[in-house]
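Enquirer: Once you've had a glance at the structure underneath, I'll fire off some questions.
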Amino acid sequence: MKKILSLFAAILVVGNLAAATLETDTITCDSARVAALAGKTDAAIVKGYVTSIATAFNESKKNISFWMADTPDGGQVFEAYQAVCNSADEAPAIGSLVWVSGTLTKYKSTPEMAKGCTFGILEAADPAVNLGQKTIAEFLALKNTKDTCVLTGCVADIVMDKDDSTKYNKYGNFYLVEGTDSLYIYGILTAEGQKGKFQEMGVDAGDTLTLKAIYTEFKGKPQAQNAIFVSVAKKQDPQPQAEEVDVTISSGVQIYKQDAYWQVIAQTDSIGISLLAMSTQLAGTYDVADLYADYSFVMTDFQAQTKIGFTAGQIVVTEDVTGAVTFVGKLTAADGKIYNINLTYFEPKAETTVTLTYAESQLNDQTSAAQDPAFQVQAIDYTNMTMVSLVVYTSVIAGEYTQANLDPNYSYVYADGAAQTIYTAAITVTANADGSYTLVADLLCYNNTLYKVSITIPAKTEGVEDVNAGNKATKRIQNGQLIIEKNGVQYNVLGAKVH
């Protein structure tokens, strides 16, 4: 409810102004504007509504500056410049009907009542309130010319000082930007209401600034004049972006799944990925903390066999109705790079069948061992450069075995210049009357090849039953190559000495 003051109350404020003077001698804001711009310096009493505060109440100087118009929403027509005001309680609120007494003048193109003018409130407006934090979009939509809003945005396009192109305008004229919305700030005051202190505020382009503002317009365009500084957050220098490496593999991806864990292994000519999670199921979301560090790594140097562990990130595993499994996510490794993992596993199929026959082989019989009884068979064809290595966990040699009985680290088919990992196995070992064995196996590998293997295992002969005994050669896969070692000397499959 507006408070109506009597003319008698106005006389008390003015002191020596009679009620008749206010009633008969006041002029409109528009008339005062025309007269001031025409150069008249007459004494006058101007009546109008306060439409915006040009300079907030200054406690030390005991004054305030405000704009007036003949209607509450009339804009900035005439200014009362540094009008005498003894306390903040006496300051007029936007929307109040006031009179201003003093000398008409103009400053450049601004029509105003000269410094030291006096004023009185005829009708007090409802007190302005702080509407709190608003987005710039909300602020513009409200078009509230009375109440304060708190705005936060990025500082941009600061106006430079005309006298020094290296310094910002001391009053603080700039744009406050939030997303795609922006608002022109025409002057910013200190928290105490002082103007011309923008450079002392330490605000730079790119900083995040919070201020209090009241909606105003200039030539039909929205702005906030003499906003109040609240706080500033300095912009952060951009951090260097980590190098990202895309690892997309959809061929030859291998999955090992046991009751308590799963492991995926994938490799190209230049990079290898291994991930192992202690989980009873495959599908799910796994953070680095869920991955077993010893078997979760990236390898970029196969010769050095250097394993680079992961330090952060996440992998999402999904399965579809066709049986395809995808591993997608970003993992940061100890080398500082971010690896964009995209692995797709397809269940291997026997697209190609290859027959491998070996008339002789080596047997390492550990079936009588107290712990982890097993036997190992290795057969090699130097002419075709193929090799089969099988480690079967069992207490007897003769029998039928599957993939579940194999040690995956030492069971493989070496063909086409690489060790092919076995996906499924159907192995039958038959004991012969002469003490030898015949091994027949269907080995489906991850390269979508079914190897039909036939191996003759000779009868044991004293002194040669252990593949590492005497001067017999041992064979193994090292860095993707078949290596034969005899009497401490290593050879590759072509017979060249390598160490």
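Enquirer: Rank-order 141-149, 346-354 by packing density, defined as the average count of other C-beta atoms within 10 Å over each peptide's residues, highest first.
Expert: Ranked by mean Cβ neighbours within 10 Å, highest first: 141-149, 346-354.
Enquirer: Short version: ³J(HN,Hα) in whole Hz for each residue of segment 392-404, in order, from phi by Karplus 6.51 cos²θ - 1.76 cosθ + 1.60 (θ = phi - 60°), x for Gly and Pro, what are they?
Expert: Running phi through 6.51 cos²θ - 1.76 cosθ + 1.60 with θ = phi - 60° gives 10, 7, 6, 9, 9, 8, 5, x, 10, 9, 10, 4, 5 Hz.
Enquirer: Now, a different point. Separation of segment 62-87 and segment 357-418 by C-alpha centroid, Å?
Expert: So the two Cα centres are separated by 98 Å.
Enquirer: A follow-up question, please. Which distance in Å, rounded to a whole number, links the C-alpha centroids of segment 198-217 and segment 305-347?
Expert: Taking the Cα centre of each part, segment 198-217 and segment 305-347 sit 46 Å apart.
Enquirer: Would you pull out the residues with amide H under 5 Å of I45's amide H, same chain only if 5 or more places away, H placed 1.01 Å from N?
Expert: Hits under the 5 Å cutoff: I27.
Enquirer: What's the whole-number percent of alpha carbon pairs in segment 376-432 lying beyond 18 angstrom?
Expert: Here the tail beyond 18 Å accounts for 34 percent of pairs.
Enquirer: By a straight-distance test (C-alpha under 16 Å), which lysines pair with K460 as possible cross-link partners, with residues fewer than eight away in the same chain excluded?
Expert: Of all the lysines, those that pass the test against K460 - Cα under 16 Å, at least 8 places apart if same chain - are K472.
Enquirer: Tell me the label-point distance for the pair M385, L282, using the 7 Å Cα-to-Cβ offset, in nm and rounded to one decimal.
Expert: With each label placed 7 Å out from Cα toward Cβ, I get 3.3 nm.
Enquirer: With the crude spin-label approximation of a point 7 Å out along Cα→Cβ, what separation in nm comes out for Y256 versus Q314?
Expert: Modelled inter-label distance: 2.8 nm.
Enquirer: Could you pull out the pairs from K212/K235; K307/K337; K61/K134; K307/K452; K115/K197 whose alpha carbons sit more than 24 Å apart here?
Expert: Beyond 24 Å: K61/K134; K307/K452.
Enquirer: Quick one: if the Förster radius is 35 Å, what FRET efficiency do S270 and T135 give, using the C-beta to C-beta distance and rounding to 0.05?
Expert: 0.10
Enquirer: Which of the aspartates and glutamates could be linked to K106 by a straight reach, that is with a Cα gap under 16 Å, when you skip same-chain ones fewer than 8 residues away?
Expert: By straight Cα distance, K106 reaches D30, D42, E79.
Enquirer: Consider a paramagnetic label point 7 Å from the Cα of D157 along Cα→Cβ; state which residues of segment 181-205 have an amide N under 19 Å from it.
Expert: Answer for segment 181-205: 181-188, 204-205.
Enquirer: Dipole size in debye (nearest 20) for segment 75-128 around its Cα centre, Lys and Arg Cβ +1, Asp and Glu Cβ -1?
Expert: Here segment 75-128 has a charge dipole of around 360 debye.
Enquirer: Check which residues have an amide H placed less than 5 Å from G313's amide H, if you skip close sequence neighbours.
Expert: Placed amide hydrogens put V288, T332 under 5 Å from G313.
Enquirer: If amide H atoms are built 1.01 Å from N in the plane of the peptide, which residues on other chains or at least 5 residues away come under 5 Å of the amide H of K40?
Expert: For K40, whose amide H was placed from the backbone, there are no distant partners under 5 Å.
Enquirer: When Rg is the radius of gyration of the Cα atoms in segment 244-345 and Rh is its Kirkwood radius, what does Rg/Rh come to?
Expert: When Rh is taken as the Kirkwood radius, the ratio is 0.93.
Enquirer: Expressed in nm to one decimal, what extension gain is obtained for the pair L142 and T71 from 0.36 nm per residue of sequence separation less their Cα-Cα distance?
Expert: 23.7 nm
Enquirer: Using a Förster distance of 60 angstrom, determine the FRET efficiency expected from the C-beta separation of K167 and T344, and round it to 0.05.
Expert: 0.50
Enquirer: What is the spin-label model distance, in nm, from V440 to N86 if the labels are put 7 Å beyond Cα along the C-beta direction?
Expert: 11.8 nm
Enquirer: What is the packing order of peptides 240-251, 315-326, 291-302, taking the mean over residues of other C-beta atoms within 10 Å and listing the highest first?
Expert: My ranking of the peptides, most packed first, is 291-302, 315-326, 240-251.
Enquirer: Which value at 222 nm does the chain reach when only helices count, each DSSP H run of 4 or more adding -39,500 (n - 2.57), with the total divided by all residues and rounded to the nearest 500 deg cm²/dmol?
Expert: So the calculated ellipticity at 222 nm is -1500 deg cm²/dmol.
Enquirer: Taking 2.2 N^0.38 Å as the expected size of a compact globular protein, what ratio does the Cα radius of gyration of the chain give against it, to two decimals?
Expert: For the chain, the normalised Cα radius of gyration is 1.89.
Here, each number is a calculation from the coordinates, and none is a lab measurement. Not measured: the values here are computed from a predicted model. Every residue, glycine among them, receives a Cβ derived from its backbone with ideal geometry; neighbour counts consider all protein chains shown.
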